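Chemist: A single structure is presented below for examination.
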Amino acid sequence: MKRKKCYIVFGAAIVLAAAAVTAVFVDRYYKSLEKSEILKIGVLVYKEDDTFVGGIVDEIKRQGKEYEREMEGRFRLDFSYAEENQSIQNEQIDKYLSLDYDVLCVNLVDRTEAAIVIEKAKAADVPVVFFNREPVPEDLQQWDKLYYVGADARESAVLEGLLVVDYYKKYPERLDKNQDGVIQYVLLEGEIRHQDSLIRTEYSIQTLVNAGLSLERLDGGIANWVRSQAEALTAQWLKEYGSDIELIISNNDDMALGAIDAIEDWYISFSNIVGIDGTPKGLEAVESGKMIGTIVTGQEDYARVILDLAKRMAAGISLDGLDIREDKSIRIPMYSINSDGEIRRLEEEGKEEN
Ligand code: BGC
């Protein structure tokens, strides 16, 4: 077991070292450009007020500005928001392509509409880094200059389920409040067309069932990732089911925070809530004991990986050393954190088991 672990650590070190070496090439390449030559990257975002995506975009802006300065203006980023309308995003793509941008980073409005974006980019020979809203696999295979950066939805759901399982083991009476051996729950779902909603809903529940917990679904509803919509749904459920609700499972932190808003409006004490994202406000709620826990996907890491891919492709530099999977995706690592401050990573557990 030890031995295998050693190989894994060694392998990871090689990948990191290779990434560092090629990063030096990337910087060297940019510095070798004429001052008048600017490599331009367009970042297209599905809407402006999404908390989690907004955090990633803020980081891309921060890191991008730093790089712009380091490269003395030979590198440049521009941003567009699509008001949740794929036609608007398609027009924005046309604009960037007509202005000869070198790479596009696209947070699709409608992930099933990737083919149109790909067709335009391919015709102009401009590589695309999709992020957070994942095109279907067939679309990503259409061309070799397409990649996806995102978090593994299934991993986040399993970790979310395990947060509940661990909590139940530790504090059974806090979760199964009526002591009937069954956990009565409600579930807040994200946008219907988003890959994360479907997968997170399925696997968070599956993880509870696999651990042997008996469950009863009282209700569930789509709140589209949005705090105010989740608050409205939860208020409705509190009216209908009151203290029968023993657990609120949310596909993301913002909706979990919406549930907390409703609970606070009712002046009741209830904190059996789990979320996903690890946004600053989500983490605050966990720390202050208003939630059982959340799953943290580092927004800094997310931004760094997107930028690294984009910078290399803009310069036509090899992608060696980047941790690209067979499905042409790079997955951002994540961990769960609970209100007792305990951290858990599935990846490490997998290694331990080997
Ligand atoms: C996040 C949500 C976010 C959505 C936007 C999901 O991965 O968990 O918080 O609203 O992406 O696409």
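Chemist: Take region 297-318 and flag every residue that is outside any helix (DSSP H, G or I), away from the ligand (no atom under 16 Å from the Cβ) and in contact (Cβ under 8 Å) with a residue 24 or more places away in the chain.
Modeler: Ile317, Ser318
Chemist: Still on this structure, please answer the following. With part of a loop (DSSP other than H, G, I, E, B) and in contact (Cβ under 8 Å) with a residue 12 or more places away in the chain as the only criterion, which of Leu77, Leu108, Leu97, Leu104 stands out?
Modeler: On inspection, the qualifying residue turns out to be Leu108.
Chemist: Further question on the same structure: Please give the number of the condition Gln89 fails out of (1) under 24 Å from Gln299 (Cβ atoms); (2) assigned to a helix (DSSP H, G or I); (3) without any contact (Cβ under 8 Å) to a residue 40 or more places away in the chain; (4) not acidic (Asp, Glu).
Modeler: (3)
Chemist: Here is a further query. From Val53, Val45, grab the single residue that is touching a residue at least 24 places away in the same chain (Cβ under 8 Å) and within 24 Å of Ser98 (Cβ to Cβ).
Modeler: The match here is Val45.
Chemist: While we're looking at this one, here's another question. Among Gln184, Gln195, Gln179, Gln206, which is the only one that is away from the ligand (no atom under 16 Å from the Cβ), touching a strand residue (DSSP E or B) at 6+ places or on another chain (Cβ under 9 Å) and among the polar types (S, T, N, Q)?
Modeler: Gln184
Chemist: Now for a separate question. Can you tell me which residues in region 209-226 are touching a helix residue (DSSP H, G or I) at 6+ places or on another chain (Cβ under 7 Å) and free of Cβ contacts under 8 Å to residues at least 60 places away in the same chain?
Modeler: Ala211, Leu213, Leu215, Leu218, Asp219, Gly221, Ala223, Val226
Chemist: Look at Phe130 and say whether it is touching a residue at least 40 places away in the same chain (Cβ under 8 Å), under 16 Å from the mean Cα position of the chain (by Cα), surrounded by 18 or more Cβ atoms within 10 Å (Cβ to Cβ) and within 14 Å of the ligand (Cβ to nearest atom).
Modeler: no
Chemist: Further question on the same structure: Looking only at region 233-289, which residues are in a loop (DSSP other than H, G, I, E, B) and either of a type in the set (A, V, I, L, M, F, W, C) or within 11 Å of the ligand (Cβ to nearest atom) (or both)?
Modeler: Ile245, Asn251, Asn252, Trp266, Ile268, Phe270, Gly275, Ile276, Gly278, Thr279, listed by residue number.
Chemist: Return the residues of region 218-232 that are within 21 Å of Tyr267 (Cβ to Cβ) and within 16 Å of the ligand (Cβ to nearest atom); say none if nothing qualifies.
Modeler: Arg227, Ser228, Ala230, Glu231
Rule-based calculations on the coordinates, nothing more; no lab input. Everything numeric in this text was worked out from a predicted model, so none of it was measured. Virtual Cβ from ideal backbone geometry, glycine too; neighbours counted across all protein chains shown.
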